[in-house]
Amino acid sequence: MERKWWHDAVVYQIYPRSFQDSNGDGIGDLQGIIQRLDYLEKLGVDVVWLSPVYRSPNDDNGYDISDYQDIMEEFGTMADMEELIAKAAQHGIRIVMDLVVNHSSDEHPWFIEAKKSKDNPYRDFYIWRDPVDGHEPNDLTASFGGSAWEFDATTGQYYLHFFSKKQPDLNWENPKLRQAVYDMMNFWIDKGIAGFRMDVIDMIGKKPDEKITVNGPLLHDYIKEMHAKTFGPKDLLTVGETWSANEQIALQYTKPSNHELSMVFQLFFTQLDQYPDKGKFFTRELNVAGIKEIFDRWQVALNEQSWNALVWENHDLPRAISEYGDEGAYRIESAKMLAIMLYMLKGVPYIYQGQEIGMTNCPISDVSQIDDIESINAYRELTQSGQMTKQEALDAINKKGRDNARTPMQWDTSANGGFTTGTPWLHVNPNYQTINVKAALEDQDSIFYTYQKLIQIRKQKPVVVYGDYQMLTQTAPEVYAYTRSYQGQTLLVVANLSAKPQMINLPQYGKQKALLSNYAQGIIDLKAKPLKPYEAFVIEIK
Ligand code: TEU
Ligand code: CA
């Protein structure tokens, strides 16, 4: 496989609204990110993926864009953006933008024009249908609840929106729309960005009349066209958000010979505490052993011909410690275990802001504290339909709601955790008194330094980037052990995914020393090695 600059890259995702405020208005901004570039360089990341910073009325916190080639007023100006790209480069950091082209904002000039009349030149940039017997064209539903069709009285037709009503879907069947998107992407590429994270890119090939929403017949043709007309010739990093992609479909997107994307996110682990046929807010006991099954499956399926994207957290997901680890006695051990288990696998690591210091979910006590449109709509739908009581709905949102990932970054013990000198747009997690960057940097044994060390090992040892992966099967279901081998060098990684003590027997490796561990280790005798709760370590087999 041809070597790529991003093969050994480590990506840090920033949710600009919650990272660092620089002007006291309680909202994170671009100058705030510039202020923290030293910190990101210290962590050792090479790429920053910015969640949307474009002009937006923020119905869905920036994922509803009204001008793709201008910066959201609250975040700053285009000059700030150009300064960020330049200064990040001085810190050895490249910027990846969020590409949100399944839909735009309904305040985008394209849509304002489109809804004026049926023969408006922009009409076909969106998806319009006549009423059927006075009702919605069909029963397609939106992700944030309700019908996916919204009636527009001006022209007496419905328009499609798979997210909020203020996020009308773009019509990718229209070559003029596609070219407009490619021109916009090249506008940003010419500014020196290093690639794109692509929002719900598996939906752009939709066929709403046949109720096909994802993996539509022309999807991969569109992505190949996009590749050819924008990033393909420029050697950029592209990662797709494709909730519907299993391993085989992931290969279709990411095999280099297909000229589509560099990688796609594997997010199936997020459903290990959910029911197959119920929404994300209906949860059950976590299937811990399922974690290794999913990651092993994707390693085996993709490693030869493609590349994995290794992620636990993002701005849509609850904090990993709260979901897969332990917020209490073993917060530190479980946070380190989750990092060691994931980031020694083959693929590009993605670290979400705050994950590297062990930030947790932030429960709320009243519905009025919810900001996220998905959770607000879910609370209303779950309670009004009688599926849940108000308390049950609140509990469900406290467990799975997206605001958990969006509470402001915790920098120190000053007011609002040092995020802002004003009033934060969203509540700060009160545990910032103990969980914050300053405390993490002052404690040589903190979660931060485990992340820093994992990145250093990845940079120093090609076996982590290019090594063959092999899961060891002779372990307990909740113990994940695997090797990475390359040019005669072998790493052994062992992780107890559970809070329960476990035992591992790998006599073939005898006595070894740990390169990295989340518990103090002497010589490890792998013939019979008891594992403490969430114990994990990396060994360079001698
Ligand atoms: O997310 C797609 C998506 O399906 C998630 O919205 C959804 O929230 C799911 O509940 C995750 O558990 C992308 C963006 O990441 C998200 O922030 C946007 O809201 C959405 O698309 C629309 O742009
Ligand atoms: Ca601000």
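We did not get these values from a lab; they are worked out from the coordinates using the rules stated. This is a predicted model, so every value here is computed, not measured. Positions of Cβ are backbone-derived with ideal geometry, glycine not excepted, and every protein chain shown enters the neighbour counts.
Remark: Arg36, Arg484 ranked as Arg36, Arg484, counting other beta-carbon atoms within 10 Å and listing the fewest first. For Leu516, what residues show an amide H to amide H distance below 5 Å, using hydrogens built from the backbone and excluding near sequence neighbours? Close amide H contacts, sequence-distant or interchain: Val538. Taking the longest Cα principal axis of the chain as reference, the axis of helix 175-189 is set at about 50 degrees.
Can you put Tyr68, Tyr486 in order of Cβ neighbours within 10 angstrom, beginning with the fewest?
Arranged by neighbour count, lowest to highest, Tyr68, Tyr486 become Tyr486, Tyr68.
Per-residue ellipticity at 222 nm computed for the chain from its helices equals -8000 deg cm²/dmol, with DSSP H segments shorter than 4 residues left out and the rest contributing -39,500 (n - 2.57). The H on the amide N of Val101, modeled in the peptide plane, is under 5 Å from the matching H of Asp199, each at least 5 residues off or on a different chain. Among Ala335, Cys362, Leu394, which residue has its Cα furthest toward the positive end of the charge dipole of region 315-398, with +1 on Lys/Arg Cβ and -1 on Asp/Glu Cβ? Result: Ala335, furthest along the dipole toward the positive end.
Under 1.5 on a/c is rounded, so check that first for region 1-141, then, if it is not, pick prolate when a/b is larger than b/c and oblate when it is not; a ≥ b ≥ c are the square roots of the alpha carbon gyration tensor eigenvalues. Since a/c reaches 1.5 and a/b is larger than b/c, the shape of region 1-141 is classed as prolate. Taking the average, over residues, of other Cβ atoms within 10 Å as the packing measure, peptides 125-132, 379-386, 24-31 rank 24-31, 125-132, 379-386 from highest down. What residues have an amide H closer than 5 Å to that of Asp70, excluding those fewer than 5 places away on the same chain, when H is modeled at 1.01 Å from N in the peptide plane? Distant-sequence amide H within range of Asp70: Arg55. With the simple model of a label 7 Å out from the Cα in the direction of the Cβ, Gln271 to Gln433 spans 4.1 nm.
Among 39-49, 339-349, sorting by the average number of other beta carbon atoms lying within 10 angstrom of each residue, highest first, gives 339-349, 39-49.
Contact order, relative form, for the chain: 13 percent (alpha carbon pairs under 8 Å, 6 or more residues apart, mean separation divided by residue count).
Rounded to the nearest 10 degrees, the angle from helix 390-400 to the longest Cα principal axis of the chain is 60 degrees.
Per the Kirkwood formula applied to alpha carbons, the chain shows a radius of gyration over Rh ratio, Rg over Rh, of 0.96.
About its Cα centre, what dipole magnitude does the chain give when the only charges are +1 on Lys and Arg Cβ and -1 on Asp and Glu Cβ, stated in debye to the nearest 20?
2080 debye
Helix 219-229 axis versus longest C-alpha principal axis of the chain: approximately 90°, rounded to the nearest ten.
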